[in-house]
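Novice: One structure, pasted below without further comment.
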Amino acid sequence: MYKIVYFLLAVFSLLSCKQSDNLPLEMSDISLKIGVRTAHAGLSNSSVWADGDEMGLFMMASGQSNLSLGMEYNRKYTYSAGGAAFFLSGQPIYYPTTGQVDIVAYAPYRQVTGNTLSIDLLDQHDLRSLDLLYSNSSIGIVKSKEEVDFNFKHMLSKINFNLTAGLGGSPVVLSSAQISLEGFSSDATFNLATAVLHNANASGTIHVGTNRSAILLPHTGTGGRVLTIQLGAQQMHYTF
């Protein structure tokens, strides 16, 4: 009889522990306030945020590495030049009553799968949409009415092209020259939890067009990379 009672108590204790582990996290009434200083943006075409720029934000328990299990997942903020601030789409984000949180943010906003953000650099017509900015500087944050600031960093590389007309050449004609790149990695994935690029792959020709800048994946080595400049029917290839 006593053994049966002890066994039932043990089972009840185990079930109680499991049920308490699954209880929803209690949230406070203090909402997250963000302050993103324009000096930290450094977007490719400008040093300031532009009206309509979007960023994504994740909030999770401090030390958690699976963003999908966090409290907030890829919440969209949109910048308003008139208000000089980012505004959240949807319901406010609240801090938990107890404990610390880590906050990760990136720009520009896009769809995310798990921890993974896909990168495709083949089309270079809009550099702002390719210039990946990332911040994981807000770690171990406790609930506060103060603004949380983000220190964004560029995660990709930028290359500039300076085409100069030779003797007798026309700068006007040269401005129509088309630039393309081959042998450069054009797609990859970025882990938003670890800030690491993975699966870099040279899937095709990167079309820079008449732009004189390009956003590329960071890389080492120069073997097999080709810069092509096309001016009318004339093509010039430079291998490095």
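Novice: Checking ILE119 against (1) assigned to a strand (DSSP E or B); (2) over 27 Å from ASP187 (Cβ atoms): exactly one of these is not met. Which one?
Specialist: Unmet for ILE119, out of (1) assigned to a strand (DSSP E or B); (2) over 27 Å from ASP187 (Cβ atoms): (2).
Novice: Checking LYS143 against (1) part of a strand (DSSP E or B); (2) buried (at least 18 other Cβ atoms within 10 Å of the Cβ): exactly one of these is not met. Which one?
Specialist: Evaluating LYS143 over (1) part of a strand (DSSP E or B); (2) buried (at least 18 other Cβ atoms within 10 Å of the Cβ) leaves (1) as the failure.
Novice: Moving on. Against the condition under 13 Å from the mean Cα position of the chain (by Cα), on the phi < 0 side of the Ramachandran plot, assigned to a loop (DSSP other than H, G, I, E, B) and surrounded by 15 or more Cβ atoms within 10 Å (Cβ to Cβ), how does TYR109 come out, does it pass?
Specialist: Against the criterion (under 13 Å from the mean Cα position of the chain (by Cα), on the phi < 0 side of the Ramachandran plot, assigned to a loop (DSSP other than H, G, I, E, B) and surrounded by 15 or more Cβ atoms within 10 Å (Cβ to Cβ)), TYR109 qualifies.
Novice: Please identify the pairs in which a residue from segment 85-105 that is in contact (Cβ under 8 Å) with a residue 60 or more places away in the chain has its Cβ atom under 8 Å from the Cβ atom of a residue that is among the polar types (S, T, N, Q) and not in a strand (DSSP E or B), counting only partners at least 6 apart or on another chain.
Specialist: TYR95/SER144
Novice: To continue, here is another question. Determine which member of the set THR220, THR205 is polar (S, T, N, Q) and in contact (Cβ under 8 Å) with a residue 12 or more places away in the chain.
Specialist: THR205
Novice: Quick one: which strands (runs of 3 or more DSSP E) sit completely within segment 1-96 and have at least 3 residues that are surrounded by fewer than 18 Cβ atoms within 10 Å (Cβ to Cβ) and at pLDDT 85 or above?
Specialist: Fully inside segment 1-96 and qualifying: 72-80, 85-88.
Novice: Among THR194, THR228, THR220, which is the only one that is in a strand (DSSP E or B) and among the β-branched types (Val, Ile, Thr)?
Specialist: THR228
Novice: Could you list all residues from segment 148-184 that are in a loop (DSSP other than H, G, I, E, B), under 31 Å from the mean Cα position of the chain (by Cα) and surrounded by fewer than 13 Cβ atoms within 10 Å (Cβ to Cβ)?
Specialist: Passing the criteria: only ASN162.
The values are calculated or read from the model by the stated rules, or taken from the named source; none is laboratory data. If you're wondering where the values come from, they're calculated on a predicted model, not measured in any experiment. Don't worry about glycine lacking a Cβ; one is built from the backbone with ideal geometry, like all the others, and counts go over all protein chains shown.
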